[in-house]
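The values are calculated or read from the model by the stated rules, or taken from the named source; none is laboratory data. The shown structure was predicted, so the numbers you read here are calculated from the model rather than taken from an experiment. Cβ: placed from backbone, ideal geometry, glycine included. Neighbour counts: every protein chain shown.
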Amino acid sequence: MSTPSRASRRRPPARQLLLSAAARVFARDGLEGATTRTISREAGVNEVTLFRQFGTKEHLIEAVVGNAFGKDAGATGAGITRAHGLRADLGAFWVRYEALLVANLPLIRTMIGEIHRHAVCQNQALKGIFQPMRAALVARLGAACKSGEARPGLNPAVAADLLAGTIFSSVIRRSALRKAPEYSAAAYREEGIDVFMRGIAP
């Protein structure tokens, strides 16, 4: 009985190859334009294997969203602690969330334009990208209200959406500019946190 070659032992599993290829193809061709045949070819995997792994293209889109954002979004949420003070915690959150968005920007742009046609995937995208981040941020801001770091009566959910929206719009805007803006991403982050902290100050 022959043993597998070293190259075949190092080859990633078919599922991972398909997820990586699908993310590239969806970003390049769009959710509607991408075909299972193209994705299979890009992955170097038989199309039958794609259907065995995922069943439908909708399920594949769901899996790509979960693979791209699920684990990293959880890590983003885990970065919000009460260890360093509210400003430092929000700064750490901003950096992690911004990095997640930048790393997946081509896929995010595609989803913004087309995800409304895929109701199940839309829910998965919201769950994967926004909910873990939002839940952790709301919890941290709620704790800040109780500890006196933020003003009484602050609505943590509204404040979390304002901050996350600021980060999201910054990433989208910077990616759309033909030339570098007059300030760095770090300068925007510091000013954004400063304005936000003043708004929620006790």
Check your understanding: If you go through segment 115-164 one residue at a time, how many are at pLDDT below 90 and within 19 Å of the chain's Cα centre (by Cα)?
Key -> 21
Review point. Looking at (1) out of contact with any Lys or Arg (no Cβ under 9 Å at 6 or more places or on another chain); (2) at pLDDT below 90, which is the only condition I172 fails?
Key: (1)
Review point. Could you say whether any residue in segment 167-186 is among the aliphatic types (A, V, I, L, M), assigned to a loop (DSSP other than H, G, I, E, B) and surrounded by 11 or more Cβ atoms within 10 Å (Cβ to Cβ)?
Key: no
Check your understanding: How do the pairs read when you match residues in segment 47-66 that are at pLDDT 90 or above with residues anywhere that are in a helix (DSSP H, G or I) and surrounded by fewer than 15 Cβ atoms within 10 Å (Cβ to Cβ), using Cβ under 7 Å and keeping only pairs 6 or more apart or on different chains?
Key -> E47/R37
